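Okay, so here's the structure we're looking at.
What follows is calculated from the coordinates using simple rules that are stated; it is not laboratory data. Bear in mind that the values here come from a model prediction, so they are computed numbers and not experimental data. With ideal geometry, Cβ positions are generated from the backbone for all residues, glycine too; neighbour counts draw on all protein chains shown.
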Amino acid sequence: MASWRAKVRKLIRGALALSLLCAQAAEPVLLATMGNKASVSFGDKPVTLSVGQSREGVKLVSVAPDSAVFEADGKRRQVRLGQGFFAPGGGEGQASGSANSATLFSVGHGHFMANISSGQGTVRGIIDTGASFLSLSTPQAAQLGLRIDRSNPILLSTAQGRKVSWRGKANSLKIEGITLYEVDVVVSEGNFPEVPLIGMSVLNRLQMQRDGDTMTLKKKF
């Protein structure tokens, strides 16, 4: 009898440990795509995965301009920008709205993300009131089809050191469907920033109202 009870207690402890592990595992959320790479959040800071690489049991299989295919536990799923791997139809951070307003939902830790679209592509950026401009890496700018004049480079001081960058304008961009014209942008050489920063050159044109885990953007002009 004692042996049987010990086995039951062991099974219960194992089940509880597995349950706790599953509860602590963060759902991977697709933040951005860059060529054959994807920026993915696992509940902490974003990480960049190349096709074929894995993290926390999730493997990146392929990348498209606005989505990626992941594999976990032998199952594959196409995940769109801002969508979580386990979300049934749309992941946390998905937005809704009209041509002049949009509602964003937190992706965790008080962060909000929005799709940045042009006629040629879409990337997903993070709302950053501490950034002066819409900041993009060269692959992200290329994905949006932005052509930047490189005749007058500038040096930006970042946490990763000084980066060669260029200032320019995007003739037309959509932030979650809200169309903005003549948007000031800064494009940096290489893969910095890993995730586009939606800074004040965009946010100054929008009214922002936060209510808990939601943020509403409304076009000013």
Quiz item: Mind checking which aspartates and glutamates have their C-alpha under 18 Å from K218, skipping anything on the same chain fewer than 8 residues away?
Solution: D128, E176, E182
Quiz item: Excluding Q160 itself, what net charge comes from residues whose Cβ is under 12 Å from its Cβ, given Lys and Arg +1 and Asp and Glu -1?
Solution: 0
Exercise. Report the net charge of residues surrounding A72, where surrounding means a beta-carbon distance below 11 angstrom and charges are Lys +1, Arg +1, Asp -1, Glu -1.
Key: +1
Quiz item: Can you run phi through the Karplus equation (6.51, -1.76, 1.60; θ = phi - 60°) for the stretch 155-164 and list ³J(HN,Hα) in whole Hz, with x for Gly and Pro?
Solution: 10, 9, 8, 10, 5, 9, x, 7, 10, 6
Exercise. Count charges around V123 for me, please; just the other residues with Cβ under 12 Å from its Cβ, Lys/Arg as +1, Asp/Glu as -1.
Key: 0
Quiz item: For the stretch 207-214, what does the Karplus curve 6.51 cos²θ - 1.76 cosθ + 1.60, with θ = phi - 60°, yield as ³J(HN,Hα) per residue in whole Hz, taken in order and with x for Gly and Pro?
Solution: 8, 10, 10, 9, 9, x, 8, 10
